[in-house]
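The values are calculated or read from the model by the stated rules, or taken from the named source; none is laboratory data. Since we're looking at a predicted model, the values are computed, not measured. Cβ placement follows ideal geometry from the backbone for every residue including glycine, while neighbour counts extend to all protein chains displayed.
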Amino acid sequence: MPIQLVLTIATVAGLLTGGLYLSVMGGPAFILLQYLTQLPLFLVGLSLGFVPALVSSGVALVIAVVTDATLGLVFFIGYIGPTLLVTRRALLNRPVKGREREWYPPGRLLAEATIYVLMIFALGVIWFSNQDGGLAGVIERSLTELLSVLGTEVAQSTSESLGSYLFIVPGLMGVSWVIMIVLNGALAQWLLSRSGRNLRPSPTFGEINLPTWLSYMLGMSALLAFWGEGVLAFAGGSMVMILMTPYFFQGVGVVHQWSRRSASSNLILVAFYLLIVVLQWPILLVVGLGVADQWVHFRRHRAI
C-alpha cells in the first residue's frame, strides 16, 4: 500500500479516535461511543502495523491535549498506552515448521493488558497516598458528596456501611478497563478478518491460556485482601477483582472447547451466555473454572 495512503488512513483514524474520546462531552448518552475509542487505533495497528498506529495515536493525542491537558493525560494513559502495548505484542511472530508462523499467544496479550491496568492502579494508590485515607479516603469522600443529595444522615450512614467495600470502586473500573481493551481489540480483529485485511490470524477463545505466574499474583492479592489491613486490604481487594477478569476469559475458553465435543455446540454456548447475562452470578463459576484450568489442565496447550 502506498505510504501516502497509509498516512492518510492513519490520520483519519486518529481524528476519529479523538472524536470518539471527546464524544462524552456531549452528555452521558455518548458514553457508548467513548467506549469504542480504541477501535480505530486497533483497526489501523492490526491491519497496517505498529508505526501507522503510532501516527493515529499521535493525531488523536494532539486533539485531546488541545481540548484539555488533563483529558490528554487520561487519554494517553487509559487509551493509547494499552492499545499500543497490545498492538505491538500482537504483531510479534516467529517462523516454525517451514512457512508456518507462530504468533504471540492471546493469553499473554490478555495477561499483559491486565498487568498494565494493575500498574496504573498501583500508581494511583501511590499518588493519593498523601491524601487523608489515601485513595480509599478520596473515594469515600466522593461517595459521601454524591449521596449528600439524599440527606446528610443517609450519606453518613451509607458511607460508614460501605467503608469496608471501597475497593469495589477501583476494582470495577479496572475490570471495565480490561474488558474495554479486549472488546475493542477483538472487534477490530473480527472486522479485519471479515475483509481479509488482518495481519495475524484471529485467535479463538479456546486458545486463551494465561501464564502461570498470573495465578500467583491472584493468590498474593487474595492474601492481602483477606489478611491485610488498611491500604493493603484495599489494594488487595481491587487487585483480586482486576485479576479475576482474565480468568473469566480463560474460563469461557474452557467452556468453548468443551462445547465442541457436542453436536449441539451452538445451543450450549447460547444457553451459557444467556445464563451469564440474566443471572450474572455464574460469572464467578466461570472465573473459578479459569483458575482451576491453570492447575487441573483441562486443555492440552499451556502457557509458560
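Here are some notes:
- Any hit, region 171-190, residues being within 30 Å of E102 (Cβ to Cβ), surrounded by 15 or more Cβ atoms within 10 Å (Cβ to Cβ) and more than 17 Å from the chain's Cα centre (by Cα): no
- Within region 27-38, considering residues that are of a type outside the set (S, T, Y) and out of contact with any Gly (no Cβ under 9 Å at 6 or more places or on another chain), the one modelled with the highest pLDDT: L36
- Residue in region 217-228 that is free of Cβ contacts under 8 Å to residues at least 12 places away in the same chain and farther than 21 Å from G174 by Cβ present: yes
- Top-ranked residue in region 15-46 [being among the small types (G, A, S) and farther than 17 Å from I181 by Cα; ranked as surrounded by the most Cβ atoms within 10 Å (Cβ to Cβ)]: S23
- For S202: the one exception among (1) free of Cβ contacts under 8 Å to residues at least 60 places away in the same chain; (2) under 19 Å from L85 (Cβ atoms); (3) not in a helix (DSSP H, G or I); (4) not basic (K, R): (2)
Okay, residues lined up against (1) within 20 Å of V175 (Cα to Cα); (2) free of Cβ contacts under 8 Å to residues at least 24 places away in the same chain:
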residue: G14; (1), (2): no, no
residue: T17; (1), (2): no, no
residue: Q34; (1), (2): yes, yes
residue: Q38; (1), (2): yes, no
residue: S47; (1), (2): no, no
residue: G58; (1), (2): no, no
residue: D68; (1), (2): no, yes
residue: F75; (1), (2): yes, no
residue: G78; (1), (2): yes, no
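Rundown of residues vs (1) assigned to a loop (DSSP other than H, G, I, E, B); (2) buried (at least 21 other Cβ atoms within 10 Å of the Cβ), yes/no style:
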residue: A225; (1), (2): no, no
residue: L232; (1), (2): no, no
residue: V240; (1), (2): no, yes
residue: Q257; (1), (2): no, no
residue: A263; (1), (2): yes, no
residue: V270; (1), (2): no, no
residue: A292; (1), (2): no, no
residue: F298; (1), (2): yes, no
